[in-house]
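Scroll down for the structure; my scribbles are underneath it.
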Amino acid sequence: LSGSAEPCAQLVVSSIGVVGTAEQNRQHSARFFDVLTAQLGLGPERIVIRFFPLEPWQIGKNRTVMTFL
């Protein structure tokens with residue numbers, strides 16, 4: 001991360017209807033950083049969080065997709 005071989009972490013968050021706006025992700029990011037820095041002992045500059053909003057038709061479950069559940 002940033003040209004360094006020091007320990008780092010990347011968190012990937014995908015969700016339907018929860019990570020769709022900058023304001024939502026700003027709040028989620030703050031909480032995730034609090035947990036990750038405390039639990040992993042990493043500085044916030046060594047952590048990257050990637051948010052991926054999903055649509056219900058993009059997630060398969062129980063032989064169908066979430067749209068129909």
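FYI, it's all coordinate maths here, none of it is from the lab. These figures come from a predicted structure and were not determined experimentally. Here Cβ is always computed from backbone atoms with ideal geometry, including for glycine, and neighbour counts include all displayed protein chains.
Identify the residues of the range 30-69 with backbone N under 20 Å of a label point that sits 7 angstrom from the Cα of Ala9 along the Cα-to-Cβ direction, or state none.
30-52
If I take the Cα coordinates of the range 9-68 and project them onto the principal axes, what are the three extents in Å, biggest first?
42, 23, 13
Helix 22-40 against the longest principal axis of the chain: what's the angle in degrees, Cα atoms only, rounded to the nearest 10?
For helix 22-40, the angle is close to 50 degrees.
Whole-Hz Karplus ³J(HN,Hα) for the range 7-21, in order, using 6.51 cos²θ - 1.76 cosθ + 1.60 and θ = phi - 60°, x for Gly and Pro?
3J(HN,Hα) across the range 7-21, in whole Hz: x, 8, 9, 10, 10, 10, 10, 10, 7, 8, x, 10, 10, x, 10.
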